[in-house]
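The values are calculated or read from the model by the stated rules, or taken from the named source; none is laboratory data. Everything numeric here is computed off the predicted structure, so don't read it as measured data. Cβ placement follows ideal geometry from the backbone for every residue including glycine, while neighbour counts extend to all protein chains displayed. Just so you know, the surface numbers come from the protein's heavy atoms only, side chains and all, with ligands and any DNA or RNA stripped out. Shrake-Rupley method; radii C 1.70, N 1.55, O 1.52, S 1.80 Å.
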Amino acid sequence: MKSVARLILFGLFLSVVMLVCAQTLSSNEMKAVKKEVKKYEKEGWKTLPGTLSLQEQLIRSRKVQQEEDGEGSPKWHIGVASSIGRFYDAARMRAMTSAKAELTGMVTKCLTGKYVANSENQQMPLDQAESLAKAAIKIKAVSVGQRIGNPLVIFDAFRKLPNGNYEVTLSVAILVRDIDNIADELFLTTINNK
């Protein structure tokens, strides 16, 4: 009995070690990150005090981009945006809105696929399926933005431009399954409302 417990414990330990090792970047990727950090710093990019450094954010960003689900598909959809504004907060808010809009576009793409798959029996052209998906998004635009909520911010940097304005760039991520769930809900509500 003790040997079975030890074997199970050893198996769990091994799986944890493999999981931790899988989440580290290779030496070539680390060199690329360091090179990118130097480029960002040379261009004047900074992070807010109390947040992760540029290097740590870039490492985190790469890890999220490489993360896969159990089937080998990407686990996250990523939205990237930049904005310029007179004040940092205004520029960041615009960049976040643009990044969320990019994620909403991914919902539209997913929803279009669902309309196309559903309409194959009805022999609906692709452009008509796309227009149905866009109409559903417009009808439910507020709820899509609310359902996306606050995505995971994986990179957030700013720089002050010579004219006194701030430029903010950020990358946000949302789970692929969350995008699919939002698209499923929209699809079912539009199909049921026909």
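Remarks
- Taking first residues from segment 147-163 that are under 14 Å from residue 92 (Cα atoms) and at pLDDT 95 or above and partners that are open to solvent by 40 Å² or more (accessible area, probe 1.4 Å) and in a strand (DSSP E or B), the Cβ contacts under 7 Å between residues at least 6 apart in sequence or on separate chains come to 157/46; 158/46; 158/166; 159/46; 160/166.
- Unique match (being surrounded by fewer than 20 Cβ atoms within 10 Å (Cβ to Cβ) and not in a helix (DSSP H, G or I)) among 98, 82: 82
- In the set 142, 116, only one residue is assigned to a helix (DSSP H, G or I), at pLDDT below 75 and surrounded by fewer than 16 Cβ atoms within 10 Å (Cβ to Cβ); that residue is 142.
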